[in-house]
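Presented below is the structure to which this report refers.
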Amino acid sequence: MNFLKFIFVIFIIPFSAVFAQENQKIKEKYVLVIHGGAGTISKSSLTPELEKEYKSALKEALKCGQNILDTGGLAITAVEAAVKYMEDSPLFNAGKGSVFNHDGVNEMDACIMNGKDLTCGAVAGVTNLKNPIEGARLVKDSSKYVFLYGDGAQEFCLSKGATYADSSYFFTDFRWKQYIKAREKDTMILDHDTTSLNYNYKALEEIEKFGTVGAVALDRYGNLAAATSTGGLTNKEYNRIGDSPIVGAGTYASNRSCAVSCTGKGEFFIRGTVARDIAARMEFGSLDLNEACEKTMTRLEKIGGSGGFIAVDKRGNFSMMFNTKGMYRGVVTNDKKASIKIY
Ligand code: ASP
C-alpha cells in the first residue's frame, strides 16, 4: 500500500498536473490560410468548370489542415497537410502540376518553418520527390541542415522515407503547352519583332499564373507555422531557385510575430526579403499584421515586384494581399466556415 502511495505521489500527481497545464494551454482559436498562387488569372481563360475545380481543390486542402487543427494538432502538421493536398492536384504549380524548366524538366522547391522554435527545412531543385514539402519537413526534422539542393537533397529525403515519383508522374499536357509557349516567346524576343512580341507577350501573360502553393496557420497552443511549395517559373534556366524555399524571402514563421507564405516573381521577393520584412515590421516596429503587410506590399511594388502573400499572426488576425489580378486563396477558422476566393 505504501508503495502504491509512493507511485501515486511521485508519478501520477505530477503527470496529471502537467497534463492539466497542457490542456489549459488549449485555446479556442485556430486559423488556417492557404494560397494556390497569384497572377493574371484572366476571367476569359478561367471557365466556370475550371473555377469550380480550383475552388473545390482549395476547399479540400483547407479541410485537410482544419481536421488537424480542430482536433488539437499542431500548426506545422496542418500547413504540411494542406500543402501536400495541393501538391497532389494537377491544378497548381507544385508537386504533380509543376511547370517545366528550360530543359523540359520539373524542378521543384519547398520550405516549411515552425514559428515555435524557428526550426525550418527546405529543398530546392528536386525532380523526383512526389511531395517536395514532405522532403522539406524531413530536412527540418531529421537532418542537421536547413537547406538541401538537387540530387543530394533528393538522396537524403528518399533515405528518410520520402515518396519517389518518376518524372512521368509530373507530366501534364497543360504545363507542357505553357512551356512550349514560353520557349516560343524567347525566340520572338531575340527577333525584336514588336508585332510578334505583342502577341507573345499576351501568351506570356497567360503563363504568368504563379501557381505556387502555400499555407500558414495558428494552432490552439498559439504556435504559428508556414509552408510553401513550387515548381518555380516556366522555362527557368541554369538551376534557377526562387523565393519559395528561401527562409525569410518566400516563407517565414515566428511565434513572436507572424507566419507568411508568398507567391510571385521570386527574384523580387528574395531582394525584398518579403516574408521576414512583414515579421520584422511587427517585431521591431510594433505594427499590426495588416499595417505590416501593407507597408511590405508598397516596398515590393517600389522594386517592381508582383504577386501576393498570406499571413497570420499570434492573435489570429490574417491577411491575404496581392497586387495581381487575382490570387487563389482560402481561409478557415475555429468559428468561421471555409471561405474561398480567386479575385
Ligand atoms: N515564387 C515562385 C518562384 O519565383 C513562383 C510562384 O509564386 O509561382 O519560384
Could you grab me the full set of residues in the range 135-166 that are surrounded by fewer than 24 Cβ atoms within 10 Å (Cβ to Cβ) and either modelled with pLDDT under 95 or in a helix (DSSP H, G or I) (or both)?
Leu138, Lys140, Asp141, Ser142, Gly150, Asp151, Gly152, Gln154, Glu155, Phe156, Leu158, Ser159
Across the range 77-103, what is the number of residues that are of a type in the set (Val, Ile, Thr) and open to solvent by 10 Å² or more (accessible area, probe 1.4 Å)?
1
Matching residues, the range 245-289, being of a type in the set (Lys, Arg) and within 16 Å of the ligand (Cβ to nearest atom)
Lys265, Arg271, Arg276
Can you pull out the residues in the range 15-48 that are modelled with pLDDT under 90 and either within 24 Å of Val99 (Cβ to Cβ) or among the hydroxyl-bearing types (Ser, Thr, Tyr) (or both)?
Ser16, Gly39, Thr40, Ile41, Ser42, Lys43, Ser44, Ser45, Leu46, Thr47
So which residues in the range 212-247 are of a type in the set (D, E, K, R), within 22 Å of Val139 (Cα to Cα) and open to solvent by 10 Å² or more (accessible area, probe 1.4 Å)?
Arg240
Cβ pairs under 9 Å, 6+ apart, first in the range 246-272 and farther than 18 Å from Val83 by Cβ and at pLDDT 95 or above, second within 14 Å of the ligand (Cβ to nearest atom) and part of a strand (DSSP E or B):
Phe268/Gly307
Test result for Glu60, open to solvent by 10 Å² or more (accessible area, probe 1.4 Å), modelled with pLDDT of 95 or more and farther than 20 Å from Val99 by Cβ:
yes
Taking first residues from the range 32-58 that are closer than 27 Å to Ala217 by Cβ and second residues anywhere that are open to solvent by 60 Å² or more (accessible area, probe 1.4 Å), the pairs with Cβ under 6 Å that are 6 or more apart or on different chains are Val33/Phe318; Ile41/Lys325
Going by what's in this entry, would Met327 be described as open to solvent by 50 Å² or more (accessible area, probe 1.4 Å), of a type outside the set (Gly, Ala, Ser), under 16 Å from Ala215 (Cα atoms) and within 16 Å of the ligand (Cβ to nearest atom)?
no
Complete set of residues in the range 104-122 that are assigned to a strand (DSSP E or B), more than 13 Å from the ligand (Cβ to nearest atom) and either open to solvent by less than 10 Å² (accessible area, probe 1.4 Å) or not β-branched (Val, Ile, Thr) (or both)
Ile112, Met113, Asn114, Cys120, Gly121
Quick check on my filter: what residues within the range 284-295 are surrounded by fewer than 15 Cβ atoms within 10 Å (Cβ to Cβ) and farther than 13 Å from Ser319 by Cα?
Phe284, Gly285, Ser286
Output the residues belonging to the range 263-275 that are under 16 Å from Lys302 (Cβ atoms) and of a type outside the set (Gly, Ala, Ser).
Lys265, Glu267, Phe268, Phe269, Ile270, Arg271, Thr273, Val274
For the range 66-74, indicate whether the set of residues that are within 16 Å of the chain's Cα centre (by Cα) and open to solvent by less than 10 Å² (accessible area, probe 1.4 Å) is non-empty.
no
Consider Ile41 against the criteria (1) more than 16 Å from the ligand (Cβ to nearest atom); (2) surrounded by 20 or more Cβ atoms within 10 Å (Cβ to Cβ); (3) not in a helix (DSSP H, G or I): it satisfies all of them except one. Which criterion is unmet?
(1)
Number of the exception - Thr251 against (1) open to solvent by less than 10 Å² (accessible area, probe 1.4 Å); (2) under 26 Å from Asp173 (Cα atoms); (3) hydroxyl-bearing (Ser, Thr, Tyr)
(2)
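The values are calculated or read from the model by the stated rules, or taken from the named source; none is laboratory data. Nothing here was measured: the structure is a model prediction, and the numbers come from that model. Neighbour counts are summed over all protein chains in view; Cβ atoms, including those assigned to glycine, are modelled from backbone coordinates with ideal geometry. Accessible surface areas use protein heavy atoms only, side chains included; no ligands, DNA or RNA. Shrake-Rupley method; radii C 1.70, N 1.55, O 1.52, S 1.80 Å.
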